[in-house]
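Just dropping this structure here.
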Amino acid sequence: MPTLEQRARRFAREAHGKRDQRRKYTQEPYIIHPAAVVEWVRQVPHNEAMLAAAWLHDTVEDTGVSLGQIQLRFGVEVAELVAMLTLPAFPGPTSRVVKQQAALRHLANACDEAKTIKLADIIDNTCSLIRYDADFASVYLVEKKLQLEVLSGGDSRLWREAERTLDKGLQTLRQPPHLISEEWFKQLTASYQGGARRLFGG
């Protein structure tokens, strides 16, 4: 009989496959990303619900699967983890600053197990982004640095790895051929932090 993780892996593969969803820059099947996230989570203290949620973490946002379907197939614990990893949806056009502020609030309220999965997600998404899209990376890395501040309850090893990966990426962007100025990073960070202070009462 398949384990919970095996069932989640099969479900995620089918859900992303039905949409022919692929990684943005390489066009590889999207399932390689959840697979990488699972392997990061597997390296630190975890349970099978965390592995299942790692396989499923993008299905609600990206494939039209509902949280009710996740709960029906995989139980309350997995569904709750996936819900914590599914960022709020907005009904119309919304600025990245507003979306980032909503993400910060959402992730701050996540349990430590969900934060561990999110750290793994950040590590995998960051690893090759600069190579393919430095312009987007300059925004993404700042957003994820701010998210680290609310993810401190996640696994400490993955937190340090995420910090190292993001810092290395930011340092690369400051150097040729990118030469993004320190002032630009400071201004973008400040635009996000102003909203974050309002969110958290700082």
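Quick one: Kirkwood hydrodynamic radius for the chain, alpha-carbon pairs, angstrom, one decimal?
17.6 Å is the Kirkwood radius here.
Over segment 1-125, what is the relative contact order in percent, taking alpha-carbon pairs closer than 8 angstrom and at least six residues apart?
Taking the mean separation of contacting Cα pairs over the length of segment 1-125, I get 26 percent.
Sticking with this one: Taking the Cα centre of segment 1-108 as origin, sum charge times position over the Cβ atoms of Lys and Arg (+1) and Asp and Glu (-1), and report the length of that vector in debye to the nearest 20.
Taking the Cα centre of segment 1-108 as origin, the dipole is about 300 debye.
If the reach is capped at under 17 angstrom between alpha carbons, list the aspartates and glutamates near Lys24, excluding any in the same chain fewer than eight residues apart.
Asp58, Glu61, Asp62, Asp121, Asp124, Asp133, Asp135
Quick one: pull the percent of accessible area on segment 1-151 belonging to carbon and sulfur, 1.4 Å probe, ligands and nucleic acids left out.
Using a 1.4 Å probe with all protein chains present, segment 1-151 comes out at 51 percent carbon and sulfur.
I've got another one for you. Step by step: find N for segment 40-145, compute 2.2 N^0.38 Å, then divide the Cα radius of gyration by it. What's the final number?
1.11
Hey, if you put +1 on the Cβ of every Lys and Arg and -1 on every Asp and Glu Cβ in the chain, which of Thr59, Ala134, Met84 ends up farthest toward the positive end of that dipole?
Ala134
Let me ask something else. Sort 136-149, 2-15, 115-128 for me by packing, meaning the mean count of neighbouring Cβ atoms within 10 Å per residue, highest on top.
Top of the packing list down: 115-128, 136-149, 2-15.
As I understand it, the value is the acute angle between the Cα axis of helix 156-174 and the longest principal axis of the Cα atoms of the chain; what does it come to in degrees, rounded to 10?
Compared with the principal axis, the helix lies near 40 degrees.
In addition: Once the Cα atoms of helix 182-200 and of the chain are each reduced to a long axis, what angle between those two axes, in degrees from 0 to 90 to the nearest 10, is obtained?
The two axes meet at around 60 degrees.
Rounded to the nearest 500 deg cm²/dmol, what is the calculated helix-only ellipticity per residue at 222 nm for the chain, with -39500 (n - 2.57) per DSSP H run of length n ≥ 4?
The per-residue figure over the chain is -22000 deg cm²/dmol.
Please state the charge dipole magnitude for segment 85-202, taken about the Cα centre, from unit charges on C-beta atoms (+1 on K and R, -1 on D and E), reported in debye and rounded to the nearest 20.
Result for segment 85-202 is approximately 240 debye, rounded to the nearest 20.
Expressed as a rounded percentage, what relative contact order does segment 9-52 have, with Cα pairs under 8 Å and six or more residues apart?
Reported relative contact order: 28 percent.
Dipole of the chain (Lys/Arg Cβ +1, Asp/Glu Cβ -1, origin at the Cα centre): which of Gln147, Ile123, Val97 lies farthest to the positive side?
Ranked along the dipole, the leading option is Val97.
On C-alpha positions alone, give me the angle between the axis of helix 134-148 and the longest principal axis of the chain, in degrees, nearest 10.
Approximately 70 degrees, to the nearest ten.
Calculate, in nm to one decimal, what Thr3 and Arg131 gain on full extension: separation in residues at 0.36 nm each, minus their alpha carbon distance.
So the chain would gain 42.4 nm between Thr3 and Arg131.
Hey, got the dipole for the chain? About the Cα centre, +1 on K and R Cβ, -1 on D and E Cβ, debye to the nearest 20?
Here the size comes out at about 260 debye.
Another question about this same structure. With a sphere of radius 15 Å drawn around the Cβ of Arg164, what net charge do the other residues whose Cβ falls strictly inside it have (Lys, Arg +1; Asp, Glu -1)?
My count for the surroundings of Arg164 gives 0.
What are the lysines whose alpha-carbon lies under 18 Å from the alpha-carbon of Lys144, with same-chain residues fewer than 8 places away excluded?
Lys99, Lys115, Lys118, Lys168, Lys186
The values are calculated or read from the model by the stated rules, or taken from the named source; none is laboratory data. Computed from a prediction, not measured in an experiment: that's the story for all the values here. All Cβ positions, glycine included, derive from the backbone under ideal geometry; neighbour counts span all protein chains shown. Calculation scope for accessible area: heavy atoms of the full protein, side chains included, ligands and nucleic acids excluded. Shrake-Rupley method; radii C 1.70, N 1.55, O 1.52, S 1.80 Å.
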